[in-house]
Amino acid sequence: MQKTVTPTHCPYCALQCGMNLTPAPDGTVEVGERTDFPVNRGALCGKGRTAPALLSSRVRLTSPLVRSGDGALVPAPWDEALDRIADGLRRTRAEHGADAVGVFGGGGLTNEKAYGLGKFARVVLGTSQIDYNGRFCMSSAAAAGTKAFGLDRGLPFPLEDVPRTGCVILVGSNPAETMPPSLRYFTELKENGGTLIVVDPRRTRTAEQADLHLAPRPGTDLALALGLLHLIVAEGRTDEAYIRERTVGWEEARAAAMAHWPEYVERITGVSVPQLREAVRLFCEPEAAMVLTARGPEQQSKGTDTVGAWINLCLATGRAGRPLSGYGCLTGQGNGQGGREHGQKADQLPGYRKLTDPAARRHVAEVWGVAPDSLPGPGRSAYELLDALGTDIRSLLLMGSNPVVSAPRAAHVEERVRALDFLAVCDVVLSETAALADVVLPVTQWAEETGTTTNLEGRVLLRRRAVDPPEGVRSDLEVLHELAARLGGDRGLEKGFPTDPEEVFEELRRASAGGPADYSGITYRRLAEENGVFWPCPAPADGPPHTAGAGDVGDPEDAALDALPDDPARAEDPRPGPGAHPGTPRLFLDRFATEDGRARFAPVSHRAIAEEPDDEYPVLLTTGRVVAQYQSGAQTRRVDELNAAAPGPFVELHPRLAERLGAAEGDPVAVVSRRGRAVAPARITTAIRPDTVFMPFHWAGEGRANTLTNPALDPTSRMPEFKACAVRLEAVRT
Ligand SMILES: Nc1nc2c(c(=O)[nH]1)N[C@H]1C(S)=C(S)[C@@H](COP(=O)(O)OP(=O)(O)OC[C@H]3O[C@@H](n4cnc5c(=O)[nH]c(N)nc54)[C@H](O)[C@@H]3O)O[C@H]1N2
Ligand SMILES: Nc1nc2c(c(=O)[nH]1)N[C@H]1C(S)=C(S)[C@@H](COP(=O)(O)OP(=O)(O)OC[C@H]3O[C@@H](n4cnc5c(=O)[nH]c(N)nc54)[C@H](O)[C@@H]3O)O[C@H]1N2
Ligand code: SF4
Ligand SMILES: [Mo]
C-alpha cells in the first residue's frame, strides 16, 4: 500500500513547525521530519511529536452535546444542537439587544476561522462584543509596536537573521521551554561570536545559555530598560545621526531616561549597576543587535510602556529598521499573528484595519455586502467581556479558548460564565469551559482540515488536511455557515459564510487589500509552492510589485515545496504573474510605517505594579509555562506522554522561602492572593529570586494558578497583569 505523506504544520505554538503526517493502516498517524521548512528544519518538540494523539476519538468529542432537563450534557443530533444555539442567541438579542450577545475567539484559530468569526459577530449577530484570547498574549507588544513603528508584526525579520546579529536581548522569554526548536538560532548566534542576554526573574533553561543573565524583580522591566538607556546616553553610545533622520520624540524619552539613575534602577529591579553596564557594553559594541520580548515584560499592567522602553533602546542606538537589527515580539499561539489581523479583536476589521476608521468600514462593508453604518463599533476587551458575562452580556459563543483556566481571577470568571443565560462552545475536546456550556459542538482540527496560519515571523503558511475527520464532527466554518443560515432569516446570509477554507481565504484577500496586513497577493497555490509568504503582500493591481521596505525573499532552497497531486491547495488557482509581489520578509529597512516614515520614541517612566507586596501578602507570584504542557492544558493534558513528563501543577520557590515556611520538596504549599487560594507541591530551587514564586498555569482545579492572578489591565492594550501579583504562602498540614 502506498503511504500518503502530507506536509503540514504543528497545531500548537507560533513557531508553526513543519511536519509530515502519514496515516497508518491501524488508524494512527505518524509524524515525520519535514526538513524543507526553514523555521524548524525538521526538529519538533515533544508536543509537536505527540500531536496526533489528539486526533484519537478516545480523547475528543465526536457528537454535539446539549444540556438536558436534569442538567447533564447529553449527545444530540447536529440539527438540534445548532437550532438550540440559534434559539439561545436569538432570544438574548430579542430580550436584551444585539450587544447582549458576546463572541470569544482564539489565536489558535486559522486565519479563515478568525476572519469568519469576526464577520459573523458584526454581520449576523450585529454585536460589538467580540474579543479573543490573544488579548492575554501579545497585545502589549502589538500596541507598543504600532505606536513606535506604525505597524505591528511580531518579528519584522525572519528568524534566520538572529544568528547573524551581534547581540540579542531576550526579555521575559523562555524559548527553551516554549519554542524548543528555535533555540538553535540562539546557539548559532553564540557560535558566530554574538552574545545572548536573558532577562528573567528565574534562571530558566534559556537563561542558562546566556552570556549574561539579568534577574529583575517581576514587573520592573520598565525601570530596567530606562536604566540601560540612561547608561547608553551617559556613555555616549547613542546614534545621533539615526535619531535625527529616522525618529521623533527623542528629547522627551532621553529626559525620562536621565531621571532613572543606575543606582535607583538597581534598587527597583535588584539588578546590580555593574550588570547593567555589562549589558550596555554587550548590546552596543557590535554593529547590529536585537531586542526580543515575550510574555514576561508584556503581561503587565504597564506592558505597553514597558515594551516601548525596550524599543527606545533600539531607536537610541540605531538598531531598528536596519539589516540584522531591530525589535521583535515572539508571538505565542499557532496563529497568534494572523489571529490578531483579521477581525476577531474588539476594535478591528480584517487586514489589521481599525473599526473606527470610516474608509476601513466602507472597504470591508463593501466586501461583506452590507451598509457601512450597519457595522457596530468597538467592543470590550477580553477580560472586560468575561467580567460582563451574566450582566450586560447574557449569551456567549466561544470558539478556541478555555478561559475558566486561562483568564486572570479565574474563579470570578468561572462564576460569570455560570451566570450566563446561554453558552455555546465549539471545541475539539470537552474543556473545562465547554463542560459549563448549554451546547457543545465537536469540531475538526489542524490535521483534519486545510487552512492558513501566520507564524511569529509574519510568514503566512498553508496547513493542509492530512487525515479524514472522525464521523460526527464538523468544521468551525460549517458551524458559522449553519448558524448564519438560521440567524440570517431570509437574508440568505449563509452564502456569505462559505465552508470551503480556500473560498474564505479568497474573500479575506479582498477584505485585507490595502490594509496594513495586506494578504491580497497571497494564494493557496503560492503558499504551497513557496513554503509560505511574508505579509504585506499586495496584489499587483494594488501598487508597485515591490513596496518600500521589502527585503530579500530568503534562501532559494527554502522555496518551492512539492505539493502533492491530490493537494486541495493545488486547485484552479492561477499562478502568480511575473509581477507578483514577493512578500516582505524584512520590514522598515527604508522607512517605518508611520505617516512621516519615522519611528516614535515612547515617553515613559517607571511605575509600580498594580499590587505591590505588603505585610499581608509579602511575596510576588509570577506565572508561565513548562515545556510539556500547552496553555490551559485542554489539549496536552489529554496526551499520556506529556502528562508523564509534566503531571501537575507546582510552586517553584527559593530554599530560603521554603525554609521559612517549613516546606520540603514536594510538600503541598498554599498560595493565597486577594482573589483566592491555590495549592500545589513545592519545587525548591535556587534558580528563582527569593522574593518570588512561580506557578505554571496549565491546570484546572486546586492548583489553578489563575485563581490567584490580578486582572489589573494595561490602559492601552487591556492586558492583565499575569506576571506579577502579591501573595502569601502557607504550609498545608496533611
Ligand atoms: N510548552 C509550551 N510552549 C508554549 C506555550 C505553552 O503553553 N506551553 N504557549 C505558547 C504561547 S500562547 C505563548 S504566549 C508563548 C509564551 O512564551 P514565553 O513568553 O517564553 O513563556 P512564559 O513562560 O509565559 O514567560 C516567559 C518567561 O517570563 C518570565 N517572567 C515572569 N515574570 C517576568 C517579569 O516580570 N519580567 C521578565 N523579564 N520576565 C518575567 C518567566 O519566568 C518565564 O520564564 O509560548 C508558546 N509556547
Ligand atoms: N497565569 C497566566 N495565565 C495566562 C498566561 C500566562 O502566562 N499566565 N498566558 C495567556 C496567554 S499568552 C494565552 S495565549 C492564553 C491561552 O489560553 P486559552 O485561550 O485557554 O488557550 P488554549 O488552552 O490553547 O485553549 C484553546 C481551546 O481551543 C480548542 N481548540 C483547538 N483548536 C481548535 C479549533 O480549531 N477550533 C475550535 N473551536 N477550538 C479549538 C482547544 O481544545 C482548547 O480547548 O492564556 C493566557 N493565560
Ligand atoms: S515548538 Fe511549537 S510548533 Fe514546534 S513542535 Fe513544538 S509546539 Fe509545535
Ligand atoms: Mo499566548
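Computed values, structure above
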{"item": "Any hit, the range 248-264, residues being in contact with a strand residue (DSSP E or B) (Cβ under 6 Å, 6 or more places away or on another chain) and either surrounded by fewer than 23 Cβ atoms within 10 Å (Cβ to Cβ) or in the same structural domain as Pro286 (by TED's automatic domain parsing) (or both)", "result": "yes"}
{"item": "Single match in Val364, Val370 (criterion: assigned to a helix (DSSP H, G or I) and either of a type outside the set (S, T, N, Q) or touching a residue at least 12 places away in the same chain (Cβ under 8 Å) (or both))", "result": "Val364"}
{"item": "Qualifying residues in the range 418-458 (those that are under 21 Å from Ala700 (Cα atoms), of a type in the set (Asp, Glu) and within 13 Å of ligand 2 (Cβ to nearest atom)) - the one surrounded by the most Cβ atoms within 10 Å (Cβ to Cβ)", "result": "Asp427"}
{"item": "Condition met for Ala114 (open to solvent by 10 Å² or more (accessible area, probe 1.4 Å), in contact with a helix residue (DSSP H, G or I) (Cβ under 6 Å, 6 or more places away or on another chain) and within 16 Å of ligand 4 (Cβ to nearest atom))", "result": "no"}
{"item": "Condition check for Ser173: small (Gly, Ala, Ser), under 24 Å from the mean Cα position of the chain (by Cα) and within 16 Å of ligand 2 (Cβ to nearest atom)", "result": "yes"}
{"item": "Only one of Gly328, Gly343, Gly303 that is more than 16 Å from ligand 4 (Cβ to nearest atom), open to solvent by less than 10 Å² (accessible area, probe 1.4 Å) and of a type outside the set (S, T, N, Q)", "result": "Gly343"}
{"item": "Any hit, the range 637-646, residues being within 16 Å of ligand 3 (Cβ to nearest atom) and under 22 Å from Cys137 (Cα atoms)", "result": "yes"}
{"item": "Scope the range 53-67; condition among the hydroxyl-bearing types (Ser, Thr, Tyr) and at pLDDT below 95; matching residues", "result": "Ser56, Ser57"}
{"item": "Selection status of Asp438, touching a residue at least 12 places away in the same chain (Cβ under 8 Å), outside the structural domain of Ile393 (by TED's automatic domain parsing) and more than 25 Å from the chain's Cα centre (by Cα)", "result": "no"}
{"item": "Total residues in the range 33-74, condition closer than 14 Å to Val443 by Cα and either touching a residue at least 60 places away in the same chain (Cβ under 8 Å) or more than 16 Å from ligand 2 (Cβ to nearest atom) (or both)", "result": "10"}
{"item": "Strands (runs of 3 or more DSSP E) lying entirely in the range 49-138 (those with 1 or more residues that are under 29 Å from Ala712 (Cα atoms))", "result": "101-105, 130-132"}
{"item": "So Arg607, is it open to solvent by 20 Å² or more (accessible area, probe 1.4 Å), in a helix (DSSP H, G or I) and at pLDDT 50 or above", "result": "no"}
{"item": "Residue count, the range 1-33 (criterion: charged (D, E, K, R) and surrounded by 24 or more Cβ atoms within 10 Å (Cβ to Cβ))", "result": "0"}
{"item": "Top-ranked residue of the range 304-343 - restricted to ones that are closer than 20 Å to Asp221 by Cβ, in a loop (DSSP other than H, G, I, E, B) and not aliphatic (A, V, I, L, M), ranked as nearest to ligand 2 (Cβ to nearest atom)", "result": "Gly332"}
{"item": "Cβ-Cβ under 7 Å pairs, at least 6 apart or on other chains, the range 148-167 side free of Cβ contacts under 8 Å to residues at least 24 places away in the same chain, far side crowded, with 24+ Cβ neighbours inside 10 Å", "result": "none"}
{"item": "In the range 36-95, the residues that are open to solvent by 20 Å² or more (accessible area, probe 1.4 Å) and of a type in the set (S, T, N, Q)", "result": "Ser56, Ser57, Thr62, Ser63, Ser68"}
{"item": "Unique match (being assigned to a helix (DSSP H, G or I) and among the acidic types (Asp, Glu)) among Glu652, Glu702, Glu665", "result": "Glu702"}
{"item": "Whichever residue in the range 184-209 is in a helix (DSSP H, G or I) and under 22 Å from Asp691 (Cα atoms) and, among such residues, is most open to solvent (accessible area, probe 1.4 Å)", "result": "Glu208"}
{"item": "Long-range neighbours under 6 Å by Cβ, at least six apart or interchain, first residue on the phi > 0 side of the Ramachandran plot and within 15 Å of ligand 4 (Cβ to nearest atom) within the range 2-16, second part of a strand (DSSP E or B) and open to solvent by less than 10 Å² (accessible area, probe 1.4 Å)", "result": "Gln16/His9; Gln16/Thr453; Gln16/Leu461"}
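Let's see how each residue does on (1) of a type in the set (Lys, Arg); (2) over 22 Å from Gln299 (Cβ atoms); (3) free of Cβ contacts under 8 Å to residues at least 24 places away in the same chain:
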| site | (1), (2), (3) |
| --- | --- |
| Asp615 | no, yes, yes |
| Val619 | no, no, no |
| Tyr630 | no, no, no |
| Glu652 | no, no, no |
| Leu661 | no, yes, no |
| Val671 | no, no, no |
| Ile684 | no, yes, no |
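The values are calculated or read from the model by the stated rules, or taken from the named source; none is laboratory data. These numbers come from a predicted model, not from an experiment. With ideal geometry, Cβ positions are generated from the backbone for all residues, glycine too; neighbour counts draw on all protein chains shown. Just so you know, the surface numbers come from the protein's heavy atoms only, side chains and all, with ligands and any DNA or RNA stripped out. Shrake-Rupley method; radii C 1.70, N 1.55, O 1.52, S 1.80 Å.
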